[in-house]
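First the structure, in the form of structure tokens, and then the observations on it.
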Amino acid sequence: MDELAKRLRSARAILVLTGAGMSAESGLPTFRGDDGYWRNHRVEDLASPQGFARDPLTVWRWYNERIQRCRGAEPNAGHYALAQLEAMITNMTLATQNVDSLHARAGSKNVLELHGHLREAGCTGCNATLPLANGLDENLIDHSCGGRFRPQVVWFGEALPRDVWARAEHAAAQADVILLVGTSAQVYPAAALALQNDRAFIAEINPGATGLSERCDCVIREGAAVALHAMMKALRQKE
Ligand code: NAD
């Protein structure tokens, strides 16, 4: 932790990449963990364009349930710690694979939502959007233009939003420190962000090993809330 704090203090630019584990302590399940979504569902049914084309109602029922869960969840100490880090450091980018909006709710400003968000639905046929505060009414799935409303998230097999990805790649290339939090680093291209810069100090906060653990200069085997809170304490102590 001291080494990480030292690196953060001297860094000119930092990239933080977060995944589902970031929100586990807010009560939101991860995808691949023991309680993860994929234990009970088939990924290709719920999170792919083909699954949606086959059965939009089932997909929406699953997303509506997730939207309710996200609404009921609160940012945890880890989300707040990252917002504080951003306020302390001039050039920090927070790229998240999460769609739960908890980073913004904790006060983070420079957030890149690599996989979209659940704040609104977008029509597949035109540019219409619908707010998703309480999920989508099942009667509204089919749009009058002939398209269908779908969650504004990136599904398996789909490209990431181009401008968001370009900014994330730029931040990765500039970073002196890349901090990976709560991501299994199995979903590409997000995980590849950490591999684009040989010079950066790479740290991982995760209770388990990940696809990038071996590449890391520093590994903290703790949950995000405890570890990030401790990281901020270590940073402040030596200021
Ligand atoms: P993942 O499910 O593949 O991996 C979760 C990781 O979190 C694991 O490595 C696990 O060891 C770790 N973890 C579990 N508890 C933790 C804790 N308390 N603190 C820190 N780490 C913890 O998740 P991923 O890598 O983000 O997979 C990618 C996909 O999952 C993304 O596409 C993302 O959109 C999606 N996802 C998002 C949410 C959300 O928005 N909250 C929830 C589930 C999945």
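Charges at C-beta only: +1 for Lys and Arg, -1 for Asp and Glu. How large is the resulting dipole of segment 101-153 about its Cα centre, in Debye rounded to 20?
Dipole size: approximately 240 debye.
Quick one: helix 224-237 against the long Cα principal axis of the chain, what's the angle to the nearest 10°, folded into 0 to 90?
Orientation of helix 224-237: about 30 degrees from the principal axis.
Among Asn110, Gln97, Ala87, pick out the residue whose Cα is farthest towards the positive end of the charge dipole of segment 1-140, where Lys and Arg carry +1 and Asp and Glu carry -1 on C-beta, about the Cα centre.
The one lying farthest along the dipole's positive direction is Ala87.
Under the Karplus relation 6.51 cos²θ - 1.76 cosθ + 1.60, θ = phi - 60°, what is the ordered set of whole-Hz ³J(HN,Hα) values for segment 141-156, x standing for Gly and Pro?
4, 7, 9, 5, 6, x, x, 10, 6, 10, x, 7, 10, 8, 8, 4
Report Cys123's accessible area, 1.4 Å probe, all protein chains in place, as a number in Å² to the nearest 10.
We get 20 Å² for Cys123.
Between Arg9 and Arg199, what FRET efficiency follows from the Cβ-Cβ distance if R0 is 22 Å, with the result rounded to 0.05?
Computed FRET efficiency for Arg9 and Arg199: 0.80.
How are the C-alpha pair distances of the chain spread across 10 Å bins, as whole percents from the shortest bin up?
8, 32, 35, 18, 6, 1
222 nm [θ] for the chain, helices only, -39500 (n - 2.57) per DSSP H run of 4+, per residue, to 500?
Result for the chain: -10000 deg cm²/dmol, rounded to the nearest 500.
Report the extension gain between Ile141 and Arg221 in nm, rounded to one decimal, defined as 0.36 nm multiplied by the number of residues separating them, less their alpha carbon distance.
Computed gain between Ile141 and Arg221 is 24.5 nm.
Need one number: % antiparallel among DSSP beta bridges in segment 45-148, to the nearest 5.
50 percent
For the chain, what is the charge dipole size about the Cα centre, in debye to the nearest 20, if Lys and Arg each add +1 at the Cβ and Asp and Glu each add -1 at the Cβ?
So the magnitude is around 400 debye.
Asp55 to Met1: extension gain in nm, 0.36 nm per residue of separation minus the Cα-Cα distance?
Extra length from Asp55 to Met1 when fully extended: 14.7 nm.
Cα extents of segment 111-204 along the three principal axes, largest first, in whole Å?
52, 22, 21
Using only alpha carbon pairs under 8 Å that are at least six residues apart, calculate the relative contact order of segment 53-163 and give it in whole percent.
Over segment 53-163, the number comes to 25 percent.
Which is farthest toward the positive dipole end of the chain among Cys123, Pro189, Leu46, measuring Cα position about the Cα centre, with Cβ charges +1 (Lys, Arg) and -1 (Asp, Glu)?
Pro189
Taking Cα pairs under 8 Å and at least six residues apart, what relative contact order does the chain come out at, in percent?
26 percent
When you count, for each residue, the other Cβ atoms within 10 Å and take the mean per peptide, how do 156-165, 56-65, 170-179 rank with the highest first?
Those peptides, ordered most packed to least, come out 170-179, 56-65, 156-165.
Please report the carbon-and-sulfur percent of the accessible area for the chain; probe 1.4 Å, protein heavy atoms only, DNA, RNA and ligands left out.
On the chain, the fraction of accessible area on carbon and sulfur atoms equals 48 percent.
Quick check: net charge around Pro75, other residues with Cβ under 12 Å of its Cβ, Lys/Arg +1 and Asp/Glu -1?
-2
Work out the FRET efficiency for Asn110 and His41 from their Cβ-Cβ distance, taking R0 = 41 Å, and round it to the nearest 0.05.
0.80
Give me the log10 of I(q) over I(0) for segment 1-138 at q = 0.21 Å⁻¹, as the Debye formula computes it from C-alpha points; what are the numbers?
-1.33
Work out the length of the dipole vector of segment 136-239 about its Cα centre, built from +1 on the beta-carbon of each Lys and Arg and -1 on the beta-carbon of each Asp and Glu, and round it to the nearest 20 debye.
260 debye
The values are calculated or read from the model by the stated rules, or taken from the named source; none is laboratory data. Predicted, not measured: the structure shown is a model, and the values here were computed from it. Every residue, glycine as well, gets a Cβ built from its backbone with ideal geometry; the counts of neighbours run over all protein chains shown. Ligands, DNA and RNA are excluded from the accessible area calculation, which covers all protein heavy atoms including side chains. Shrake-Rupley method; radii C 1.70, N 1.55, O 1.52, S 1.80 Å.
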